[in-house]
Amino acid sequence: MNILEYQVREHYTLTIDDLDGNSRKIWNWEILIAENSAERYRGKAYDSVKGIEIPWAMLTNARKTPYEQMLDKIIAYINE
């Protein structure tokens, strides 16, 4: 059995005010960034008001911080 343990290292609250034409959406995201002993990162984001979750995902882009990678995932979700 192989157990990988990640500790939540960062927790952010993010509000995005999205004005699209005459429509306005406000997103209230919580972002969790976790790290294991091998310095590998995973991230998760959720908007509890809208009931939307971006599940835990590996964050492997060395050019961006884990937070920036999660922000990219959130913006991609909003723009779908």
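Summary of values
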{"quantity": "Lone qualifier among GLU80, GLU30, GLU35 - being touching a Pro at 6+ places or on another chain (Cβ under 9 Å) and of a type in the set (D, E, K, R)", "calculated": "GLU35"}
{"quantity": "Residue selected from region 51-65 under the condition of a type in the set (A, V, I, L, M) and in a strand (DSSP E or B), by the criterion farthest from TYR41 (Cα to Cα)", "calculated": "ILE52"}
{"quantity": "In region 1-55, the residues that are basic (Lys, Arg) and under 20 Å from GLU80 (Cβ atoms)", "calculated": "ARG24, LYS25, LYS44, LYS50"}
{"quantity": "Count - residues of region 49-58 that are surrounded by 13 or more Cβ atoms within 10 Å (Cβ to Cβ) and more than 11 Å from the chain's Cα centre (by Cα)", "calculated": "1"}
{"quantity": "Residue satisfying all of: in region 35-80; hydroxyl-bearing (Ser, Thr, Tyr) and without any contact (Cβ under 8 Å) to a residue 24 or more places away in the chain; farthest from GLU10 (Cα to Cα) among these", "calculated": "SER48"}
{"quantity": "Members of region 59-80 found to be surrounded by 15 or more Cβ atoms within 10 Å (Cβ to Cβ) and within 9 Å of the chain's Cα centre (by Cα), listed by number", "calculated": "PRO66, TYR67, GLN69, MET70, LEU71, LYS73, ILE74"}
{"quantity": "Filtered residues of region 1-48 (kept if small (Gly, Ala, Ser), loosely packed, with under 11 Cβ neighbours inside 10 Å and in contact with a strand residue (DSSP E or B) (Cβ under 8 Å, 6 or more places away or on another chain))", "calculated": "SER48"}
{"quantity": "Residues within region 27-48 that are hydrophobic (A, V, I, L, M, F, W, C), within 22 Å of GLU5 (Cβ to Cβ) and over 12 Å from the mean Cα position of the chain (by Cα), tallied", "calculated": "1"}
{"quantity": "Contacts under 6 angstrom Cβ, first residue in region 2-15 being farther than 21 Å from LYS73 by Cβ, partner small (Gly, Ala, Ser), 6 or more apart", "calculated": "none"}
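Where a number appears in this text, it was derived from the coordinates with a stated rule and is not lab data. Computed from a predicted structure; not experimentally measured. Neighbour counts run over all protein chains shown; Cβ positions are idealised from the backbone, glycine included.
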